Amino acid sequence: MQVAAVIVDVPARQTDRPFSYVVGSELSGKLTVGMRVIVPFGRGNRLIQGFVVGITEKPLAETSKLKKISEVQDLTPVLNPEMLALADWLAATTFSFKISCLQTMIPNGLRGKSEKIVRLLAPEKVDQSLKDFFGQKAEQQLQPAKLSAELFRKLQQARNAGSVELLYQVKDQARPRQVRVVQGLLTTQQAQALKKQQRANAHQLLNVLDFLAKNPQITIQQQQLEKQIGVSAATIRTAAAKQWLKVDYQVVKRSAYDLTTISATTAKKLTSAQQQVYQQVAAAIQQQTATSFLLEGVTGSGKTEIYLQLMAAALAKKQNALLLVPEISLTPQMVAQVVGRFGKQVALLHSGLSVGERLDEWRRIENGSATIIVGARSAVFAPIKNLGIIILDEEHESSYAQDNMPRYHARDVALWRSRYHHCPVVLGSATPSLESRARAQKGVYHWLQLPERINTRPLPAVSLVDMRQAAQTSHDSDFSNELLAAIKQRLVKQEQIILLLNRRGYATFMMCRQCGFVLKCPNCDISLTLHKDQQVMKCHYCGHEEPIPRKCPACGSLKIRFYGTGTQKIQEKLQKYFATARILRMDVDTTRRKGAHQQILQRFGRHQADILLGTQMIAKGLDYPDVTLVGVLNADTSLSLPDFRASEQTFQLLTQVSGRAGRAKKEGKVIIQTFNPQHYALQFAKKQDYEKFYAYEMRLRHQGDYPPYYFTIQIAVNAVSEPAAVKYLFKIAHELKQILSPEAKLLGPVPQMILRIKNHYRYHLIIKFKHEPQLLDYLHHLLEKSQQQKAVQLIIIREPTNFM
DNA sequence: AGCACGCCGACT
DNA sequence: GTCGGCGTGCTC
């Protein structure tokens, strides 16, 4: 008897293991490892999705207690052996559920959606309210959240009495798209003959015949036909009834990009510096070695062209290539470059696609018709066979780390896949993460450098404006005179300006000047931000909204004021200073709608706006020749975060955004406003000297025993009851002290930066260590045990990207 | 997660 | 004595 090991779609510690199911004889030979199945689970035998991870032969006696697989969802596996092995590794290293790992590897469209359906069996036995619930239908979808408690109870009673039954269904979220196609059944002569018989007032039908006469035996999409000859769907139906044409269904691929809008490009000649880099990686492609390269190249040094040619080298060897970029870089510019070079063999995976588009792109990769894959973080799981090269651009970007389960880092997954495929990895950045740069130092990564810009244009001049002094001469606490003057100058010259302010909303908090009351979120320990355009006070953590107060909610005083500056307020001020300037604002609030993001950038790119104002999402990958001024309104926001990476992140952000100025022939200028002009991160950013920054920061990390000198693990607990959270975490800390060697360091337990979010109290501790062979086992054991702690949620994060 | 079982209080 | 409240524990 065949028995399948199935990972079921119940993301919980207790179910995080394979369950055995009998493979019915009707499925024997059809079921293989990596397929999705639907299985009954639990006492109620509700149907849920699962993944087959193993098939074994078992004696009949052992299978009697097992349930049977209800259904197979796939003809061919959706997960190949590589992906299954990767999922195992991912679950173990990130302390995640196996099912969560498997689910992140497949497109959302293939993820089963569970539905509950109630069916009325004995209409005569139920009361009026249930009859109303069912209406005319015998079945209704059951959504307990939408039902009144009373109706829900009645349904339960009816179910116990046997007059209603509960059914379960699992469906795919997306299916291949089918369109109606029309096929002509007439010859030219037949069409012409029929045309004579038609009455003159049936002009729609005559149109159809005309068309068929001109295009005998054609196949065309019905929608297209309707538009082309101006007839309705009803007319087509009539024509089909008359046997003039046949209506059929055809599967069409949804496309992630529009080839007609992209012009083809050819390989550019590499400079000798580029050539050197190219050759070293190309050699690794040829020899199929899993070498990891760190490509450190200043902004504008021509990394992208090297990437394109390396991917071409892999293609020439009949291998495939994967290019990962931060989501934000997946702009039309980037897409145009890759698609322009490689055409329709490119598959694109990013969050702007619909579920169906994503599914189709994924299928194209899986069946081998796409050979170049460009995508954001999750594209690292693209089911590419025969990988020749993996490139991870802007390797320092924090968006490569997923912040919910499974908490993986795309860089680590890329390195794993490179080992599996024996292919090189290129990690590219102008400002590598300290971890990667340190690995290059140690020889773990092969270090490649491009220290010069390709057009030999100098890097833009960066000046720091001391806002403490500026406050004495400027009337505006947000703008120095220097910055205002520089903006004015560009506007006169019709050049473009990018302004960065790392804070959205209008004002950051509301305070009463009478009693000092600050308006806070009721669910989180954080002040509410004023959003003037929506006329609400908003919590940036849980989304809570409330009206803007007129008077102090505590003392009733009218002396309330809004402090701090967000993008909305700056936009308002800018418009006041420069009445005719066209300003675009780009932050979470203006880009929420699908495609809004691209629209804003396209408008700016076409020079339909003069100033682009935004949060850090504007810092990366934009390349607009008319931008000659970049202004950073307040460099201190990211600097003052209580995180050991604050300097690194500030340096990276400032360097990235500086790189947006003066990309083409015109000279660029960068103005950074700050209250800490002497801070080393700003000083090195001014000089745009990554290497010096690296050396300096590494010294500090060494002194403070921080990464990359130490590994870190964060243990966080979350609970509605604060004492419960504290007690549990202290118990863990106590146990840790027994296990850890004297070299390891334990920080905490302490409350997290924001103690309470969504009404849960949050505490955490940090372990810093170099070599603790027992630690990982203990942590796995801890998670195993944590299921008993029902009221407290335990989260273990390896190498957390921030300590807050 | 979600469902059944089981053990307590408010009612016919 | 029963219904139905929610806490507890298991799911091939």
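Being among the hydrophobic types (A, V, I, L, M, F, W, C) and under 30 Å from A:Asp360 (Cα atoms) is the filter here, so list the residues in the range A:154-199 that pass it.
Those that are among the hydrophobic types (A, V, I, L, M, F, W, C) and under 30 Å from A:Asp360 (Cα atoms): A:Val170, A:Ala174, A:Val179, A:Val181, A:Val182.
For the range A:25-41, how many residues meet the condition of being surrounded by 16 or more Cβ atoms within 10 Å (Cβ to Cβ), farther than 28 Å from A:Leu142 by Cα and either among the acidic types (Asp, Glu) or within 16 Å of DNA strand B (Cβ to nearest atom) (or both)?
Total meeting the criteria: 0.
Looking at A:Gly50, A:Gly44, which one is small (Gly, Ala, Ser), within 14 Å of DNA strand C (Cβ to nearest atom), touching a residue at least 40 places away in the same chain (Cβ under 8 Å) and surrounded by fewer than 16 Cβ atoms within 10 Å (Cβ to Cβ)?
One residue alone meets the criteria, A:Gly44.
One residue is enough: does the range A:4-21 have a residue meeting the conditions more than 16 Å from DNA strand B (Cβ to nearest atom) and in contact with a helix residue (DSSP H, G or I) (Cβ under 7 Å, 6 or more places away or on another chain)?
Checked against the condition, which is being more than 16 Å from DNA strand B (Cβ to nearest atom) and in contact with a helix residue (DSSP H, G or I) (Cβ under 7 Å, 6 or more places away or on another chain), the range A:4-21 yields no hits at all.
Here is a check on your reading of the model: is A:Leu66 closer than 30 Å to A:Gly352 by Cβ, of a type in the set (A, V, I, L, M, F, W, C) and touching a residue at least 12 places away in the same chain (Cβ under 8 Å)?
On the way: closer than 30 Å to A:Gly352 by Cβ: no; of a type in the set (A, V, I, L, M, F, W, C): yes; touching a residue at least 12 places away in the same chain (Cβ under 8 Å): yes.
So A:Leu66 does not fit the description; no.
Hey, among the residues in the range A:1-20 that are more than 8 Å from DNA strand C (Cβ to nearest atom) and part of a loop (DSSP other than H, G, I, E, B), which one's surrounded by the fewest Cβ atoms within 10 Å (Cβ to Cβ)?
So the residue we want is A:Pro11.
Filter the range A:154-174 down to residues that are part of a strand (DSSP E or B) and within 13 Å of DNA strand B (Cβ to nearest atom) and give me whichever is farthest from A:Lys116 (Cα to Cα).
Checking each candidate, the answer is A:Val164.
Quick one: A:Ala213 ticks every box in (1) hydrophobic (A, V, I, L, M, F, W, C); (2) exposed (fewer than 12 other Cβ atoms within 10 Å of the Cβ); (3) closer than 18 Å to A:Ala193 by Cα except a single one, so which number is it?
(2)
In the range A:80-124, how many residues are closer than 14 Å to A:Asp9 by Cβ, outside any helix (DSSP H, G or I) and away from DNA strand B (no atom under 16 Å from the Cβ)?
1
Select from the range A:681-736 the residues that are among the small types (Gly, Ala, Ser) and either outside any helix (DSSP H, G or I) or in contact with a Ser or Thr (Cβ under 8 Å, 6 or more places away or on another chain) (or both) and write down the one among them that is modelled with the lowest pLDDT.
If we take residues in the range A:681-736 being among the small types (Gly, Ala, Ser) and either outside any helix (DSSP H, G or I) or in contact with a Ser or Thr (Cβ under 8 Å, 6 or more places away or on another chain) (or both), then A:Ser721 is modelled with the lowest pLDDT.
Could you check the range A:344-399 for strands (runs of 3 or more DSSP E) lying wholly inside it with 3 or more residues that are touching a Leu at 6+ places or on another chain (Cβ under 6 Å) and crowded, with 21+ Cβ neighbours inside 10 Å?
Passing ranges, in order: A:372-375, A:387-392.
Of the residues A:Val23, A:Val39, A:Val72, which single one is among the β-branched types (Val, Ile, Thr), more than 28 Å from the chain's Cα centre (by Cα), within 8 Å of DNA strand C (Cβ to nearest atom) and farther than 25 Å from A:Gln788 by Cα?
Among A:Val23, A:Val39, A:Val72, only A:Val39 is among the β-branched types (Val, Ile, Thr), more than 28 Å from the chain's Cα centre (by Cα), within 8 Å of DNA strand C (Cβ to nearest atom) and farther than 25 Å from A:Gln788 by Cα.
Can you tell me which residue is nearest to A:Gln616 (Cα to Cα) among those in the range A:638-671 that are among the charged types (D, E, K, R) and surrounded by fewer than 24 Cβ atoms within 10 Å (Cβ to Cβ)?
Here the residue is A:Glu648.
Can you list residue pairs whose Cβ atoms sit under 9 Å apart, with the first residue in the range A:228-244 being in the same structural domain as A:Ile218 (by TED's automatic domain parsing) and under 10 Å from A:Asn207 (Cβ atoms) and the second being among the charged types (D, E, K, R) and at pLDDT 80 or above? Count only pairs 6 or more apart in sequence or on different chains.
A:Thr235/A:Glu226
Results for (1) at pLDDT below 95; (2) outside any helix (DSSP H, G or I); (3) of a type in the set (Ser, Thr, Tyr), shown as yes or no for each residue.
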{"position": "A:Ala414", "(1), (2), (3)": "no, no, no"}
{"position": "A:Val426", "(1), (2), (3)": "no, yes, no"}
{"position": "A:Ser436", "(1), (2), (3)": "no, no, yes"}
{"position": "A:Thr456", "(1), (2), (3)": "yes, yes, yes"}
{"position": "A:Ala471", "(1), (2), (3)": "yes, no, no"}
{"position": "A:Asp478", "(1), (2), (3)": "yes, yes, no"}
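So, in the range A:240-251, of the ones that are among the aliphatic types (A, V, I, L, M) and exposed (fewer than 13 other Cβ atoms within 10 Å of the Cβ), which residue ends up farthest from A:Arg180 (Cα to Cα)? So that I can check it myself, show each step before the final result.
Restricting attention to the range A:240-251, the residues satisfying the condition of being among the aliphatic types (A, V, I, L, M) are A:240-241, A:245, A:247, A:251.
Filter again for exposed (fewer than 13 other Cβ atoms within 10 Å of the Cβ), leaving A:241, A:251.
Details: A:Ala241: 16, A:Val251: 9 Å.
Step by step, filter the range A:240-251, then rank; the result is A:Ala241.
The values are calculated or read from the model by the stated rules, or taken from the named source; none is laboratory data. For clarity, every value in this text was computed on a predicted model and none was experimentally measured. Reconstructed Cβ throughout: ideal geometry from the backbone, glycine too, with neighbour counts over all protein chains shown.
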